[in-house]
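Below: one structure, written as structure tokens.
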Amino acid sequence: MKASIIGATGYTGVELLRLLSGHPDVEIAYITSESQTGADIMDSYPHLRRFYSQALVSMDKMDAILAESDVVFVALPHGHAMEVGKRARNAKARLIDLGADYRLRDTAVYETWYKVAHTDRDAQAVYGLTELNREAVKAAKILANPGCYTTASILALTPLVAEKLIDTTTIVIDAKSGATGAGRGLKIGSLFCEVSENFQAYGVASHRHTPEIEQELSKAAGAAITLIFTPHLLPIGRGILTTSYAKLKTGVTAQDVQEAYEKMYGGEFFIRLLGQGGCPATKNVRGSNFVDIGWQLDPRTGRVIVMSAIDNLVKGAAGQAVQNMNVMFGLPETAGLTQMPLYP
């Protein structure tokens, strides 16, 4: 099958190229860049030599891209995928958007948090957190690939919410991400001298992944959830670690918590359960599509503490997109994604 990548020169786009280079059923049809049209992708990323030598084209070729591709990955900032999505609905290609344009079911919520008008309200996109929405993913024409913080947070908390083991009014998520989460664009906050030997919170009480996390946890709970989400920037290249806190309901035991995780994720290849006392580490998932989840009970406060780790560019972006593509096209779900994590 033929895959194309819109926005191939960002970190997510080039991570897609890395993963798809090892996929047994996919070849690359088109790769686009508006700033580097006509250049070879190797000029921007020399590590691709011997794997890719292909010219970047403009989105002006969108009609050909949609007609000649089975799947199109859109790896653009929010606000740019909707025009592609509208054109894709009557085209051959199925669309996987790695940005935020189709993640929120309520377009008014999207406009409030992203400050952009939503121009494709009838898209009927599927939210592609694969482990929780696999059946819907199979039939998706337009698929919203979840955010990186959201993937780590939602997967960590859903078993507790779904099994009604916690007081959902007490959820606090403390999350940390590597600098690649901000993309490849030049930003002062992402410069080496700003990030190195530094650690700080940002987007406090205002981060755009908050409504996405609330949306999916509310769906699992069957009731509206409002929570606290605070992200931090780590002085590392890639990786996300979340630590989430919630008050346990009266009588909930460690066995109840363990059974909830085993029930939901026991058969999931990409979710590795570390159990009670397990502390995930970003280095243990680096370069892979794995999610490591561990937890602990605090009997003094009656709270559960859940930790999760992912690679923000793989399970938090490109890897999850490939996993969703596999499900959409009836391919083995692990195809192209069985790389062992990079260590050290």
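Checking a compactness column here: for region 238-320, what do you get for Rg(Cα) / (2.2 N^0.38 Å), N being the number of residues?
On the way: Rg = 13.4 Å, N = 83, 2.2 N^0.38 = 11.8 Å.
Relative to the rule-of-thumb radius for its length, region 238-320 sits at 1.14.
For helix 254-265, report the angle its Cα long axis makes with the longest principal axis of the Cα atoms of the chain; keep it between 0 and 90° and round to the nearest 10°.
Approximately 20 degrees, to the nearest 10.
May I have the pair-distance distribution P(r) for region 278-344, computed from all Cα-Cα distances with 10 Å bins from 0 and rounded to whole percent?
Reading the bins upward from 0: 22, 38, 25, 13, 3.
Among the aspartates and glutamates, which have Cα under 19 Å from the Cα of K141 when same-chain residues fewer than 8 positions away are ignored?
D63, E68, D70, E83, D97, D101, D106, D120, D122, E131, E333
If amide H atoms are built 1.01 Å from N in the plane of the peptide, which residues on other chains or at least 5 residues away come under 5 Å of the amide H of V57?
For V57, the qualifying residues are I31, T32, S33, G38.
Tell me the Kirkwood radius of region 149-312: reciprocal of the mean inverse pair distance over distinct alpha-carbon atoms, in Å. Mind showing how you got there, number by number?
On the way: mean 1/r = 0.0617 Å⁻¹.
Roughly 16.2 Å, rounded to one decimal.
Report, in degrees rounded to the nearest 10, the 0 to 90 angle that the Cα long axis of helix 11-20 makes with the longest principal axis of the chain.
80 degrees
Can you run phi through the Karplus equation (6.51, -1.76, 1.60; θ = phi - 60°) for region 55-66 and list ³J(HN,Hα) in whole Hz, with x for Gly and Pro?
7, 7, 10, 8, 5, 4, 8, 4, 4, 5, 4, 5
So how much slack lies between S35 and N90, counting 0.36 nm per residue of separation and subtracting their Cα-Cα distance, in nm?
17.0 nm
Which stretch or stretches of region 117-151 have amide N atoms under 14 Å from the point lying 7 Å from D25's Cα along the Cα→Cβ direction?
What the label zone holds, given the 14 Å backbone N cut-off, is 138-139.
Among all the lysines, which ones have a C-alpha under 19 Å from K176's C-alpha, if same-chain residues fewer than 8 places away are not counted?
The qualifying lysines are K187, K283, K315.
Taking every DSSP beta bridge with both residues inside the chain, roughly what % is antiparallel (nearest 5)?
50 percent
Nearest 5 is fine: what % of DSSP beta bridges in region 149-312 come out antiparallel, could you say?
Close to 70 percent.
Would you mind checking which residues have amide H under 5 Å from L227's amide H? H placed 1.01 Å from N; only 5 or more apart, or other chain.
Correct list: empty.
Relative contact order (percent) for the chain, with alpha-carbon contacts under 8 angstrom and 6 or more residues of separation?
Relative contact order of the chain: 17 percent.
Given Cα positions, please report Rg to Rh for the chain, the hydrodynamic radius being the Kirkwood one.
On the way: Rg = 19.6 Å, Rh = 20.4 Å.
Answer for the chain: 0.96.
Which angle from 0 to 90°, rounded to the nearest 10, does the C-alpha axis of helix 319-328 make with the longest principal axis of the chain?
For helix 319-328, the angle is close to 80 degrees.
Given the convex hull of the Cα atoms of region 2-124, what is a quarter of its surface area in nm²? Walk me through the numbers before you get to the answer.
Working: hull surface 30.6 nm².
So the mean shadow area of the Cα hull is 7.6 nm².
In terms of the Cα gyration tensor, with a ≥ b ≥ c the square roots of its eigenvalues, is region 105-177 rounded because a/c is under 1.5, prolate because a/b exceeds b/c, or oblate?
It comes out oblate by the Cα gyration axes.
How much mean residue ellipticity at 222 nm does the chain get from its helices, if each DSSP H run of length 4 or more adds -39500 (n - 2.57) and you divide by all residues, to the nearest 500 deg cm²/dmol?
Using -39500 (n - 2.57) per qualifying helix, the result is -8000 deg cm²/dmol.
For L313, enumerate residues with amide H under 5 Å from its amide H, sequence gap 5+ or separate chain, H modeled in the peptide plane.
Those qualifying (amide H under 5 Å, at least 5 residues apart or on another chain) are G239.
Each value in this text was obtained by applying a stated rule to the coordinates, not by laboratory testing. This structure is a prediction, so every number in the text was calculated from the model and none was measured. Please note: Cβ atoms are built from the backbone with ideal geometry, for glycine as well, and neighbour counts cover all protein chains shown.
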